[in-house]
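None of the figures in this text is laboratory data; all of them are computed from the coordinates on show. This structure is a prediction, so every number in the text was calculated from the model and none was measured. Cβ coordinates were reconstructed from backbone atoms using ideal geometry, including for glycine residues, and neighbour counts include every protein chain displayed.
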Amino acid sequence: MLKKMHRNPPVTPGVWFNSLSVVDKTPKNECVGDREFIMVVYMGKPMWALFRCPCGCGQVISLSLQSIHHPNWKINKSSTGRPTLYPSVSQNKGCRSHFWVEDGRVHWCGKKYHGHQNDLRMGISMKSAAHSHLSPVDLEHHLENSSKIVYKLGY
Ligand SMILES: [Zn+2]
């Protein structure tokens, strides 16, 4: 868990989520560890991803992995067993973090700034939250432990 701290962060960020925990029941928010990345899989189907916001604000982020939900996310397990999540996660409220996770490493996309950036890696442009047509209601309705953060798909 504990890694050497770099005074000057390298280009590749350090590993934040060291493993991917697969469970079949959605855990309560208080059961989500600081650097734990939880994937809820029920009957062989990916349902939810839960983890605490890596900015340190402590909010539990709950993302739908179900294609019937919009937005939804995908998780891949890397050869190291660490999670890769896409697309990026953007919080409309609270800390307003915007990041993506690749091989357990958190890549920040201009923290606290949402609008009109180009996410070059994804090859997609970011719309401002104000222009988002996506509703978080669906997500919150389905997740009893959902935090009150609103997410939008970063595209
Ligand atoms: Zn945060």
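Summary table below
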read-out: Filtered trypsin sites (Lys or Arg not before Pro), the range 24-97: DSSP coil and at most 13 other beta carbons within 10 Å; value: Lys25, Lys28, Lys93
read-out: Residue order, fewest to most surrounding Cβ atoms within 10 angstrom, among Ile68, Ile61; value: Ile68, Ile61
read-out: Net lengthening on full extension, His70/Lys93 (0.36 nm per residue, minus Cα-Cα); value: 6.5 nm
read-out: FRET efficiency, Val11 to Asp34 (Cβ-Cβ, R0 30 Å, nearest 0.05); value: 0.80
read-out: Extension gain from Trp108 to Asn18, taking 0.36 nm per residue of separation minus the Cα-Cα distance; value: 30.7 nm
